[in-house]
Structures are given as C-alpha cells and as structure tokens.
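I have placed the structure first, in the form of structure tokens, so that the comments after it can refer back to it.
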Amino acid sequence: MAKKIKKRDVDRELLNTLKELELEWKQIESIVSRSVEFTLEGNYWERVARAKYMYLLKEARHRKLRADFH
C-alpha cells in the first residue's frame, strides 16, 4: 500500500519551493538589470523564472497558505 501524502507536507513543500523560486527570480532579474548589453536569452530566463514564481504564488493563494517571509 502506498504512503498517503499529507496536505500539510505538500503545503510546506510548496512554500519552500516558492521561497527558492523567488530568490532565483530576483537573482536573475538583478543580473539582467546590471547587464551592459541586452540579450534575448537573459530576458527569456528572467521571464521563465518569474512565470514559475507567479504560478506557484497563485497555487499558494488558492490553497489559502500564509507564510512569514523574513
């Protein structure tokens, strides 16, 4: 019999991933903004990171999760 996954564990994993993606997005955004020359690749990766973060943020709102980000 398979192990039952608890909602609390999934929510905790979602919040952890959300924090990691926010950090990744901000780092890429910082690199792109400090870049001397505009590149499509840099712009692409920034948009991908932002899209991932926004998707998980919507999911967290849908689940009515709250977290204290320090």
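The table for this structure:
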{"quantity": "Residue within segment 43-53 that is of a type in the set (D, E, K, R), part of a helix (DSSP H, G or I) and touching a Leu at 6+ places or on another chain (Cβ under 8 Å) present", "calculated": "yes"}
{"quantity": "In segment 1-25, the residues that are at pLDDT 90 or above and either in contact with a Phe, Trp or Tyr (Cβ under 6 Å, 6 or more places away or on another chain) or farther than 21 Å from Arg66 by Cβ (or both)", "calculated": "Leu21, Glu22, Glu24, Trp25"}
{"quantity": "Extreme residue, surrounded by the fewest Cβ atoms within 10 Å (Cβ to Cβ), among residues of segment 54-67 that are without any contact (Cβ under 8 Å) to a residue 12 or more places away in the chain and assigned to a helix (DSSP H, G or I)", "calculated": "His62"}
{"quantity": "Residue pairs meeting the criteria (Cβ under 7 Å; at least 6 apart or on separate chains; first of a type in the set (Val, Ile, Thr), in segment 2-18; second in a helix (DSSP H, G or I))", "calculated": "Thr17/Leu56"}
{"quantity": "Hits in segment 1-51 (condition: more than 12 Å from the chain's Cα centre (by Cα) and aromatic (Phe, Trp, Tyr))", "calculated": "Phe38, Tyr44, Trp45"}
{"quantity": "Residue list for segment 31-49, filter: small (Gly, Ala, Ser) and either surrounded by 13 or more Cβ atoms within 10 Å (Cβ to Cβ) or modelled with pLDDT under 90 (or both)", "calculated": "Ser35, Gly42, Ala49"}
{"quantity": "Unmet requirement for Lys52, which otherwise passes all of (1) at pLDDT below 90; (2) in contact with an Asp or Glu (Cβ under 9 Å, 6 or more places away or on another chain); (3) among the charged types (D, E, K, R)", "calculated": "(1)"}
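The values are calculated or read from the model by the stated rules, or taken from the named source; none is laboratory data. Everything numeric here is computed off the predicted structure, so don't read it as measured data. Cβ sites come from the backbone with ideal geometry, for glycine too, and all protein chains shown count toward neighbours.
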